[in-house]
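Read the figures in this text as sums done on the coordinates, not as results from a lab. Since the model is a prediction, treat every value here as computed from it, not as a measurement. Note that we place each Cβ from the backbone using ideal geometry, even for glycine, and neighbour counts take in every protein chain shown.
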Amino acid sequence: MLKENEINIGDTHTATLVEDLKRTQIVQYAGASGDYNPLHTDEIFTTQVAGYPSVFAHGMLSMGLTGTMLTDYVGDGALTKYGVRFTNQVWPGDTLKSTTTIVDIRDQDGERVVDLEVVTINQNEVPVVTGNATAKIES
Amino acid sequence: MAVDKFLIEASHIMMFARSVGDSNPIYHDEDYAKSTELGGIIPPPTFAQSSAQFDPDYFLRPKVGGDGWFGSGKEATGSKPSSGSGGGGGAAMGLHAEQHFEYHLPVKAGDTLSTTTKPGKAWEKESKRAGKLKFSESVTEYRNQNGDLVITATGVGVQTERAVDS
């Protein structure tokens with residue numbers, strides 16, 4: 001868990017989430033999450049029927065990868081809120097980098113928390129996930 | 001969609017954590033997890049979404065026998081999707097626009113959750129990249145075996161008129 005005397009508003013943490021995303025990792029996510037939408041794993045359906053250039057990652061895979069960066073920073077079991085918007089699709093071959101920024105340090109229900117902004121970008125610096133989170137900290 | 005029993009199981013958590021690139025031992029090493037303040041294996045923050053595994057009628061999973069599945073086989077598509085419910089996934093041309101989680105109480109391996117889902121707001125928007133967009137929200141409440149609210153999840157799904165230009 002983050003310690004209040006070691007953090008400041010404006011602090012950032014950055015991590016590379018995945019390099020050269022493989023279709024197999026998307027398959028892993030489909031299997032674990034139970035979301036077998038063919039748009040994510042069935043190249044024939046996705047290109048010939050749905051009209052996309054290839055399969056693409058579940059939004060929730062992007063959110064999950066971004067969540068790994070977030071929990072590595074704020075600690076296990078510290079999040080009280082985590083929400084995102086999926087701003088662009090993530091494709092096989094993409095490399096994703098994610099940054100979180102402390103935007104506030106405050107009280108919430110008698111505990112100290114930080115508010116964080118989160119943005120994940122691809123190799124072309126296009127945001128694919130933007131959002132925010134709140135995490136408990138040690139005062 | 002409602003799930004009566006969403007079993008929070010250590011092996012499922014391990015597989016889910018792997019799929020999101022997370023090697024944190026809190027998700028797979030029981031001895032380590034027990035030595036922490038949390039006292040056991042916990043699920044990653046987006047794990048709640050995998051309650052779909054426990055929904056007997058989940059439309060984005062092929063039925064046993066594969067009947068009615070819309071993915072490719074001999075043909076590029078099997079059939080039309082059976083349902084177009086919005087929020088958190090969508091059908092063939094449905095995409096996930098937003099997802100929000102609120103964590104009220106800790107969840108650990110060994111817990112059994114149940115869920116109830118209610119539709120939220122719905123709205124429309126014109127877009128250059130995908131034509132008319134129909135957004136719909138769904139709000140899912142996750143309760144533990146004691147009946148306590150542990151997670152609130154709000155999903156926003158969008159149905160697009162055509163494939164999104166990239």
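Structure summary
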read-out	value
Shielding by partners, peptide B:63-71 (average Cβ within 10 angstrom, other chains)	2
Expected 222 nm ellipticity per residue - DSSP helices of 4 or more, -39500 (n - 2.57), all of the protein assembly as shown, to 500	-4500 deg cm²/dmol
Cα long-axis angle, helix A:59-74 against chain A (0 to 90 degrees, to the nearest 10)	30
5 angstrom amide H check on A:L17, placed H, neighbours 5+ away	A:L96, A:K97, A:S98
Spin-label proximity, B:R162 to the stretch A:37-72 - amide N less than 17 Å from point 7 Å beyond Cα toward beta carbon	A:47-54
Options B:V107, B:G40, B:G68, ranked by Cα towards positive dipole end of chain B, top entry (Cβ charges)	B:G68
R0 of 25 Å, Cβ-Cβ distance A:V126-B:K132: FRET efficiency to nearest 0.05	0.60
For the stretch A:4-136: relative contact order, % (alpha-carbon pairs under 8 angstrom, 6 or more apart)	29
Quarter of Cα convex hull surface for chain B, i.e. mean projection, nm²	11.5
Between 0 and 90°, nearest 10: helix A:23-33 axis offset from chain A longest Cα axis	60
Chain B - percent relative contact order, Cα under 8 Å, separation 6 or more	23
Taking A:M60, A:M1 and counting other C-beta atoms within 10 Å, the order from fewest to most	A:M1, A:M60
Distance between modelled label sites at A:K22 and A:E117, nm, 7 Å Cα→Cβ extension	3.5
GNM result for chain B, Cα springs below 10 Å: residue of B:V156, B:V107, B:V20 fluctuating most strongly	B:V20
Fewest-first sequence of A:V128, A:V55, B:V139 by Cβ atoms within 10 Å of each Cβ	B:V139, A:V55, A:V128
Between 0 and 90°, nearest 10: helix B:10-19 axis offset from chain B longest Cα axis	50
Net lengthening on full extension, B:L38/B:K121 (0.36 nm per residue, minus Cα-Cα)	26.3 nm
The stretch A:1-106: Cα Rg divided by the 2.2 N^0.38 Å rule of thumb	1.27
Residue with peak Gaussian network fluctuation, chain A [Cα springs, cutoff 10 Å], from A:Q28, A:Q123, A:Q48	A:Q48
Gap separating the Cα centres of the stretch B:96-166 and the stretch A:60-97, nearest whole Å	16
Point-to-point label distance, B:K63-A:D109, nm (Cα→Cβ direction, 7 Å offset)	4.2
Gaussian network model of chain A, Cα within-10 Å springs - most flexible of A:D107, A:D42, A:D94	A:D107
Stokes-Einstein D for the protein assembly as shown, Kirkwood Rh over Cα pairs, 25 °C, 0.890 mPa s (µm²/s)	124
Label-point separation in nm, B:L105 to B:S23, each point 7 Å along Cα→Cβ	3.6
Order of B:K128, B:K34, B:K108, A:K136 - criterion: other Cβ atoms within 10 Å of each residue's Cβ, fewest first	B:K128, B:K34, B:K108, A:K136
Set B:K74/B:K121; B:K5/B:K134; B:K5/B:K118; B:K5/B:K63 screened for pairs whose C-alpha atoms are more than 28 Å apart	B:K74/B:K121; B:K5/B:K134
Average partner coverage of A:45-53, which counts Cβ from other chains inside 10 Å	5
